[in-house]
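All remarks here apply to the structure that follows.
The values are calculated or read from the model by the stated rules, or taken from the named source; none is laboratory data. Worth saying up front: this structure is predicted, and the values here are computed from it rather than measured. Positions of Cβ are generated from backbone atoms using ideal geometry, with glycine treated the same way; all protein chains shown enter the neighbour counts.
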Amino acid sequence: MDVGEIYHNSNKVQALYSSSCINLIKKFLIEKFGNQKCKFLDIGTGDGRVLSEVFVKQSGLNFEKVLGSDINLEMIKVAKKNYQNDLIKFEQLNIEDEEASSELLKVHGTFDIVTSYFCLHWIKDLKIALSNVKRFLKPSGVFHFIVVTNAHQHQLSLNR
């Protein structure tokens, strides 16, 4: 069994936590986008479970395009096998690679919503990664992320 399959068989708690976080922003997203067809990019999609089973199904939004990306090709293979369909596609992407990000931007254009759940704390150069996220977003787009940190929420709000 490869790393993608192992991850797929053991990430249900992460999906459950992501589900509760999505429920917190669901009303905001529906008010912002209404019935508009949204383009959606997930960075660090892993096996695609959270993107497919949680965000797309629970957000209450209409989607024009849904793209999951991950640096790990094994994860992309598992995501394609389990979740790819006419709406949801998966591609390999290193968010720290400006050239690869430029290529993805040329092919897919900008997005209304960009998410990154449990991924950004693995990034070595956040400045490049977040610069690329900004390039992917439409001017009125939304970036929603979850990171693992040892700082208390109060500390995070003071450091903004």
- Task: Select from region 77-136 the residues that are over 15 Å from residue 47 (Cα atoms), among the aliphatic types (A, V, I, L, M), assigned to a helix (DSSP H, G or I) and more than 14 Å from the chain's Cα centre (by Cα) and list them in ascending order.
- Result: 100, 104, 105, 107, 126, 128
- Members of region 99-113 found to be surrounded by 14 or more Cβ atoms within 10 Å (Cβ to Cβ) and not aromatic (Phe, Trp, Tyr), listed by number: 100, 101, 104, 105, 108, 110, 112, 113
- Message: Please count how many residues of region 60-76 are in contact with a helix residue (DSSP H, G or I) (Cβ under 6 Å, 6 or more places away or on another chain) and either in a helix (DSSP H, G or I) or free of Cβ contacts under 8 Å to residues at least 24 places away in the same chain (or both).
- Response: 2
- Query: Just checking, which of 32, 27, 57, 37 is closer than 19 Å to residue 144 by Cα, touching a strand residue (DSSP E or B) at 6+ places or on another chain (Cβ under 6 Å) and either charged (D, E, K, R) or surrounded by fewer than 19 Cβ atoms within 10 Å (Cβ to Cβ) (or both)?
  - Reply: 37
- Task: Among the residues of region 3-53, count how many are outside any helix (DSSP H, G or I) and modelled with pLDDT under 90.
- Result: 3
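To keep it simple, each residue is scored yes or no on (1) surrounded by fewer than 21 Cβ atoms within 10 Å (Cβ to Cβ); (2) more than 30 Å from residue 125 (Cβ to Cβ); (3) touching a strand residue (DSSP E or B) at 6+ places or on another chain (Cβ under 6 Å); (4) at pLDDT 90 or above.
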position: 1; (1), (2), (3), (4): yes, yes, no, no
position: 68; (1), (2), (3), (4): no, no, yes, yes
position: 80; (1), (2), (3), (4): yes, no, yes, yes
position: 88; (1), (2), (3), (4): no, no, yes, yes
position: 96; (1), (2), (3), (4): yes, no, no, yes
